[in-house]
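Below: the structure, in structure tokens.
Readers should treat all values here as calculations from the given coordinates under stated rules, not as data from a laboratory. The shown structure was predicted, so the numbers you read here are calculated from the model rather than taken from an experiment. A quick note on method: Cβ atoms are made from the backbone with ideal geometry, for glycine too, and the neighbour counts reach across all protein chains shown.
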């Protein structure tokens, strides 16, 4: 497997209301390869979403480096960083953020159209992705006509539209009931292998985390393997 994402000594500080410094991440190392599914767990407020924002190029680290397919984030201007993010990273959040006036097919095709792909090819790709997540019979449905689980699966399909090398998900089943959550967990378990992408999921849900190749725990600003999984956090 080839290395897709590498983070080295990531630190993130914020200025507190009293003017003091709040250290959220204190030297996080992380490496994820093609086809690997990694779950990141930790207490609320431990910095899991902050970590996801840094490796997803949504925010800048206070110090440290992130590399995606060998490209360093800190060497890129804002426009170049946004282009890399849009081309190589897919995002799935707790709330699906589907465009309510567009069908499932149109929602999934949208990133491809924005990227300049022709409408016929964009629709073909969107149709195939929706079929792969079990929504082949829901192509023309608006988000309001889909169940919560179906909406989130459509969001997963949209995140995969541009064939990203890295897929990031932040509590993707946090807004779903148990049945729909279990369906989504099964989907995530096969994503990395089926689409040959690296997948990082931040979650409190033990059922979802247990499906990952590795479980890493973020505590006191440091990321470490969960006992019993035993994989290295970073490789050289």
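What do you reckon, is residue 75 more than 30 Å from residue 26 (Cβ to Cβ) and over 18 Å from the mean Cα position of the chain (by Cα)? Let's see the steps before the verdict.
Details: more than 30 Å from residue 26 (Cβ to Cβ): no; over 18 Å from the mean Cα position of the chain (by Cα): yes.
Here the answer is no, as residue 75 does not meet what is asked.
Would you pick out the residues in the range 25-57 that are over 28 Å from residue 186 (Cα atoms) and surrounded by 21 or more Cβ atoms within 10 Å (Cβ to Cβ)?
Selection gives 25, 28.
Specify which of the listed residues (129, 187, 176, 139) is in contact with a helix residue (DSSP H, G or I) (Cβ under 6 Å, 6 or more places away or on another chain) and closer than 22 Å to residue 49 by Cα. Working first, answer last.
Details: 129 fails: closer than 22 Å to residue 49 by Cα; 187 fails: in contact with a helix residue (DSSP H, G or I) (Cβ under 6 Å, 6 or more places away or on another chain); 139 fails: closer than 22 Å to residue 49 by Cα.
So the residue among 129, 187, 176, 139 that is in contact with a helix residue (DSSP H, G or I) (Cβ under 6 Å, 6 or more places away or on another chain) and closer than 22 Å to residue 49 by Cα is 176.
Condition check ((1) closer than 24 Å to residue 211 by Cβ; (2) in contact with a helix residue (DSSP H, G or I) (Cβ under 6 Å, 6 or more places away or on another chain)) across all residues:
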residue: 15; (1), (2): no, no
residue: 34; (1), (2): yes, no
residue: 38; (1), (2): yes, no
residue: 41; (1), (2): yes, yes
residue: 58; (1), (2): no, no
residue: 71; (1), (2): no, no
residue: 79; (1), (2): no, no
residue: 89; (1), (2): yes, no
residue: 92; (1), (2): yes, yes
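What number of residues within the range 114-124 are within 11 Å of residue 162 (Cβ to Cβ) and either touching a residue at least 60 places away in the same chain (Cβ under 8 Å) or touching a helix residue (DSSP H, G or I) at 6+ places or on another chain (Cβ under 6 Å) (or both)?
1
Within the range 86-102, work out how many residues are out of contact with any strand residue (DSSP E or B) (no Cβ under 9 Å at 6 or more places or on another chain) and either farther than 23 Å from residue 155 by Cα or surrounded by 16 or more Cβ atoms within 10 Å (Cβ to Cβ) (or both).
The total comes to 2.
Output the residues belonging to the range 151-181 that are in contact (Cβ under 8 Å) with a residue 12 or more places away in the chain, more than 18 Å from the chain's Cα centre (by Cα) and in a helix (DSSP H, G or I). Show your work before the answer.
Filtering the range 151-181 for residues in contact (Cβ under 8 Å) with a residue 12 or more places away in the chain gives 151-177, 179-181.
In the following step, the residues that additionally are more than 18 Å from the chain's Cα centre (by Cα) were identified as 177, 179-180.
179, 180, listed by residue number.
Does residue 207 satisfy being without any contact (Cβ under 8 Å) to a residue 40 or more places away in the chain, touching a strand residue (DSSP E or B) at 6+ places or on another chain (Cβ under 9 Å) and over 18 Å from residue 90 (Cβ atoms)? Step through it out loud before you land on a result.
Details: without any contact (Cβ under 8 Å) to a residue 40 or more places away in the chain: yes; touching a strand residue (DSSP E or B) at 6+ places or on another chain (Cβ under 9 Å): no; over 18 Å from residue 90 (Cβ atoms): yes.
Spelling it out, it is not the case that residue 207 is without any contact (Cβ under 8 Å) to a residue 40 or more places away in the chain, touching a strand residue (DSSP E or B) at 6+ places or on another chain (Cβ under 9 Å) and over 18 Å from residue 90 (Cβ atoms).
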